[in-house]
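Just so you know, all these numbers are worked out from the coordinates, no wet-lab data involved. In this text, all values refer to a predicted model and were calculated from it rather than measured experimentally. Don't worry about glycine lacking a Cβ; one is built from the backbone with ideal geometry, like all the others, and counts go over all protein chains shown.
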Amino acid sequence: MSADPYNAHAFDRCAAELVANVRELAARGWTPATSSNFSMRMDERHVAITASGGDKGRLDASGLMVVDLDGAPVGTDRRPSAETLLHTRLYRRFPEVGCVLHTHSHNQTVASRLFAGAGHVRLEGYELLKAFAGTGTHETALDLPVLPNSQDMVALSALADAGLDRGPAWGYLIDGHGLYAWGRDMAEARRHLEAFEFLLGCELDLRRLQQ
Ligand SMILES: CSC[C@@H](O)[C@@H](O)C(=O)COP(=O)(O)O
Ligand SMILES: [Zn+2]
């Protein structure tokens, strides 16, 4: 545990935004069985993140804590999300990223299995691609990476980081696991998460209908 001081107001601001949004995402069934984790950047050294375990549909500020960019708890002995390093790696790599959202929806999990062999899901020709920051037309393609799952977060976060060298992305899937999506703030991260969820649902339906 680090004692590195942080601004309590910054934590309260992030906590309020996280609690409201996480509960809404949980109400959609995207966080089954205590799965999923969520974070927001507080400042250049601190991140507010969900503690490990707990029903995300009942999240309140007591289910949130502070970690540094190495994933070490700050000012508490509580256990942060088991997947904290996947969050902090993104905050380290992209100074502009302000929010990381990880969910385990049915669509995300099925798509991660279906497209694991290809290593990505190609999302192409959809109007909703314009939901992704920097995309102004449907006449484009976005490859959502699919990574192999692992319980070794050091290895998995390094793999995710290497995958991002291949091109810009606002998210990745993990095989049999779920989706990570991020953005400059909560509103953008949530827009990206919702767009991925919708587009993955479209891809799954198309495959069913094309059988
Ligand atoms: C309850 S199974 C899901 C977990 O293994 C994990 O993938 C997850 O998303 C939640 O872990 P957590 O440690 O609560 O952040
Ligand atoms: Zn998970």
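For region 34-45, enumerate the residues that are of a type outside the set (Gly, Ala, Ser) and within 16 Å of ligand 2 (Cβ to nearest atom).
Scanning region 34-45 gives Thr34, Asn37, Phe38.
Name the pairs whose Cβ atoms lie under 6 Å apart, with the first residue in region 65-94 and farther than 17 Å from Asp12 by Cα and touching a residue at least 40 places away in the same chain (Cβ under 8 Å), the second part of a loop (DSSP other than H, G, I, E, B) and within 16 Å of ligand 2 (Cβ to nearest atom), and 6 or more positions between them or separate chains?
Ser81/Ser52; Ala82/Ser52; Thr84/Gly71; Leu85/Gly71; Thr88/Gly71
Looking at (1) closer than 20 Å to Met40 by Cα; (2) in contact with a strand residue (DSSP E or B) (Cβ under 7 Å, 6 or more places away or on another chain), find the lone condition where Ser112 falls short.
Here Ser112 meets the rest and fails (1).
Of Thr31, Thr50, which residue is within 14 Å of ligand 2 (Cβ to nearest atom), among the β-branched types (Val, Ile, Thr) and touching a residue at least 60 places away in the same chain (Cβ under 8 Å)?
Result: Thr31 is the single residue among Thr31, Thr50 that is within 14 Å of ligand 2 (Cβ to nearest atom), among the β-branched types (Val, Ile, Thr) and touching a residue at least 60 places away in the same chain (Cβ under 8 Å).
Considering only region 89-106, I want to know if a residue exists there that is out of contact with any strand residue (DSSP E or B) (no Cβ under 7 Å at 6 or more places or on another chain), aliphatic (A, V, I, L, M) and either away from ligand 2 (no atom under 16 Å from the Cβ) or under 26 Å from Met40 (Cα atoms) (or both).
No, that holds for no residue.
Among the strands (runs of 3 or more DSSP E) confined wholly to region 103-198, which include 2 or more residues that are surrounded by fewer than 19 Cβ atoms within 10 Å (Cβ to Cβ)?
Correct list: 120-124, 141-147.
Here are some residues: Leu129, Leu101. Which one is more than 16 Å from the chain's Cα centre (by Cα) and within 28 Å of Ala20 (Cα to Cα)?
Only one candidate passes the filter, namely Leu129.
On the basis of being free of Cβ contacts under 8 Å to residues at least 60 places away in the same chain and within 16 Å of ligand 1 (Cβ to nearest atom), does Asp152 make the cut?
yes
List the number of the failed condition for Val74; all other conditions in (1) β-branched (Val, Ile, Thr); (2) farther than 19 Å from Glu194 by Cβ; (3) touching a helix residue (DSSP H, G or I) at 6+ places or on another chain (Cβ under 8 Å) hold.
(3)
So if I check each of Thr109, Thr88, Thr76, which one is farther than 19 Å from Asn21 by Cβ and over 15 Å from the mean Cα position of the chain (by Cα)?
Thr76
Taking the conditions exactly as written (hydroxyl-bearing (Ser, Thr, Tyr), in contact with a Phe, Trp or Tyr (Cβ under 9 Å, 6 or more places away or on another chain) and surrounded by 15 or more Cβ atoms within 10 Å (Cβ to Cβ)), does Ser52 satisfy them or not?
no
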